[in-house]
Structure formats: structure tokens, C-alpha cells
Amino acid sequence: RAEYRILLRQDNADERLTEKAAAIGLAKSDRIELLKQKTEEVNRIIAFSKNYSLKPDKINSYLESIGTSPLRQGVKLIELLTRPQISLEKIQEAIPALKEQLDMIPNRTEEIIESANIKIKYEGYIKRERIIADKLTRLEDIKIQDRFNYNGIQSLSTEAREKLTAINPETIAQAGRIPGVSPNDISVLLVLLGR
């Protein structure tokens, strides 16, 4: 169980933790270099996908063969890669230029392709969860301990009034993690704080 499951994936553990490990002396320079190479390769593949255009007459027979809708007009490769039936590994056989790009990966090919696939397919979800995580991080700085008489705030749910009174959280973020305190209750507290 984790608050940000989309951000805390096993395939990006090296991206999230290598710099921290290096800062405390647990990761050596060769490990940092491996991460740098992986990041560059993943970004190169994503950039290629965003810029490579496909025409219906070149790709529709392949799309129909795998049971997905044919194109009516030209699209960028990245748009096709967001479809559930399509991945970089599968579609490279139908797009020689993509196969050429994937063949250029010097090492850890499978890991790099998997990372690129995930980032392409879940980009919107990842961005949205990052925004939420950043917002909650900012709420950690808003102190509320002993600032409210929760029982006197009728806009809060009954359960929230009881829990907030009993726990008296230090910050808005801590209040938001209390079972029974809804996002609406947090909004009420933020309004009362003038935020």
C-alpha cells in the first residue's frame, strides 16, 4: 500500500533512489552513469515517438492484423503507443525506423524499452499524480495544531469534527491522512485559513 502507486513503481526505483543513495555514499559513480545512460535512452525513444509521423497506408494493415482500429489520418507514433494492444516491442516490426532506434540501445535493452513504454502509456496519470503529490507536500507546511475549535465548525462532517478534535493534527497534510476526514473537510479548513 502506498499513497502514490503510479509514482512509486518498481521500474523507476533507480530513478527515484540512485541520487539519494549517492548522496549518502551507497551508490558509486558507475551506478550513476548507468542511470544517466538509461535516462538518455528512454528520453531518446520518447522523443522519437513524439516526432515520428505515421500515414494510414503504411500502418493500417498491421493495426488490423492485431485487432485494433485502423487510422483515418496521419498521427504521431506516440498516439498509437497509448493504445493497450500496442507496445514498442510489437510495433517495431511494422516500423523499420523504430526498430533501428531500438537496435541502437547499447545495453539493458529490455529495461529501457519497458521504461519508455510505461512513461508513454501512463504519462497523463503520472503527471496528474505528481501534481497531487506536490500539492500535498506544500500542505505539510501549513500548521493547524490548536488553531481551530473543530466542534464549532459546522461545515465539517460529524466524523471529521470528532477525529480532528481527538487527534489535533499538526498540519493540514496530517489532517488529510486521518481516516474519516474527507478532501471536502480539508477544503473547509483551507478556506478558514484564507488559502
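The values are calculated or read from the model by the stated rules, or taken from the named source; none is laboratory data. In this text the structure is predicted, and so the values were computed from the model without any measurement. Cβ atoms come from the backbone with ideal geometry, glycine included; neighbour counts cover every protein chain shown. These accessible areas exclude ligands, DNA and RNA; they are computed on the full protein's heavy atoms, side chains included. Shrake-Rupley method; radii C 1.70, N 1.55, O 1.52, S 1.80 Å.
Of all residues being open to solvent by 40 Å² or more (accessible area, probe 1.4 Å) and among the β-branched types (Val, Ile, Thr) in the stretch 108-144, which is farthest from residue 167 (Cα to Cα)? Just the residue, please. Of everything passing the filter in the stretch 108-144, 109 is farthest from residue 167 (Cα to Cα). Sub-6 Å Cβ pairs linking a first residue in the stretch 62-85 that is farther than 19 Å from residue 120 by Cα to a second residue that is at pLDDT below 95 and surrounded by 12 or more Cβ atoms within 10 Å (Cβ to Cβ), at least 6 apart or interchain, are 66/85, ordered by first then second residue. Does residue 10 satisfy the criteria of being at pLDDT below 95, of a type in the set (S, T, N, Q) and closer than 24 Å to residue 127 by Cα? Criteria met by residue 10.
The single condition from (1) within 23 Å of residue 127 (Cβ to Cβ); (2) in contact with an Asp or Glu (Cβ under 9 Å, 6 or more places away or on another chain); (3) open to solvent by less than 70 Å² (accessible area, probe 1.4 Å) that residue 5 fails is (3). Looking at the stretch 83-106, can you tell me whether even one residue there is touching a Leu at 6+ places or on another chain (Cβ under 8 Å) and basic (Lys, Arg)? Within the stretch 83-106, not a single residue is touching a Leu at 6+ places or on another chain (Cβ under 8 Å) and basic (Lys, Arg). All told, residue 159 meets the bar of being part of a helix (DSSP H, G or I), more than 30 Å from residue 9 (Cβ to Cβ) and open to solvent by 20 Å² or more (accessible area, probe 1.4 Å).
Would you pick out the residues in the stretch 93-107 that are of a type outside the set (A, V, I, L, M, F, W, C) and either open to solvent by less than 30 Å² (accessible area, probe 1.4 Å) or not in a loop (DSSP other than H, G, I, E, B) (or both)? Those that are of a type outside the set (A, V, I, L, M, F, W, C) and either open to solvent by less than 30 Å² (accessible area, probe 1.4 Å) or not in a loop (DSSP other than H, G, I, E, B) (or both): 96, 99, 100, 101, 103. Of all residues in the stretch 79-92, those that are buried (at least 17 other Cβ atoms within 10 Å of the Cβ) and in a helix (DSSP H, G or I) total 4. Among residues of the stretch 47-61 that are of a type in the set (Lys, Arg), those with a Cβ under 8 angstrom from a residue that is open to solvent by less than 60 Å² (accessible area, probe 1.4 Å) and assigned to a helix (DSSP H, G or I), sequence gap 6+ or separate chain, pair up as 50/77; 50/78.
The one condition from (1) assigned to a helix (DSSP H, G or I); (2) at positive phi that residue 134 does not meet is (2). The condition (being among the aliphatic types (A, V, I, L, M), under 27 Å from residue 106 (Cα atoms) and assigned to a helix (DSSP H, G or I)) is satisfied by just one residue among 27, 21: 21.
Of the listed requirements (1) touching a residue at least 60 places away in the same chain (Cβ under 8 Å); (2) in contact with a Gly (Cβ under 8 Å, 6 or more places away or on another chain); (3) of a type outside the set (A, V, I, L, M), residue 183 misses just one: (1). Each residue in the stretch 22-72 was checked for being open to solvent by 60 Å² or more (accessible area, probe 1.4 Å), touching a Ser or Thr at 6+ places or on another chain (Cβ under 8 Å) and among the β-branched types (Val, Ile, Thr), and 1 pass.
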